[in-house]
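Shown next, in structure tokens, is the structure this report addresses.
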């Protein structure tokens, strides 16, 4: 799945289906619904994570990549239930976003409210190079 931003594409990790072909819950990782958009104050990543606690979430910055991971527990149902429909995915998840250049992920701030994780990423400040002399050492 790709989300297009004017001239840049943001790449997402693959998503798993909630039900296997046998009607049993699928196993493995899943990826939550995610919105990525820009505002006048920078880039916003909004992830839908109902039923989770913030201490079960992890956000890792790797260069221009944002990795969001966690584990949504399935603790609200009887172990002997038999699903007719299962659209809510439980277990470990991971979303990996390759973000476009021009944003400072080192200054990213995250907040988790009412089942939504919001990550605000400000624009990168332009680097200013100053004129300076580069010292030359004597080689042997």
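FYI, it's all coordinate maths here, none of it is from the lab. Worth saying up front: this structure is predicted, and the values here are computed from it rather than measured. Here the Cβ is made from the backbone with ideal geometry for all residues, glycine too, and neighbour counts use every protein chain on show.
Among the residues making up the range 92-127, a single one is more than 21 Å from residue 41 (Cα to Cα) and over 16 Å from the mean Cα position of the chain (by Cα): 114.
I'd like to know if the range 94-110 contains one or more residues that are touching a helix residue (DSSP H, G or I) at 6+ places or on another chain (Cβ under 8 Å) and at negative phi. Within the range 94-110, one or more residues are touching a helix residue (DSSP H, G or I) at 6+ places or on another chain (Cβ under 8 Å) and at negative phi. Evaluate the range 81-95: report whether one residue or more is within 25 Å of residue 123 (Cβ to Cβ) and in contact (Cβ under 8 Å) with a residue 12 or more places away in the chain. Checking the range 81-95: at least one residue is within 25 Å of residue 123 (Cβ to Cβ) and in contact (Cβ under 8 Å) with a residue 12 or more places away in the chain. The number of residues in the range 64-85 being in contact with a strand residue (DSSP E or B) (Cβ under 9 Å, 6 or more places away or on another chain) and either more than 30 Å from residue 101 (Cβ to Cβ) or loosely packed, with under 10 Cβ neighbours inside 10 Å (or both) comes to 6.
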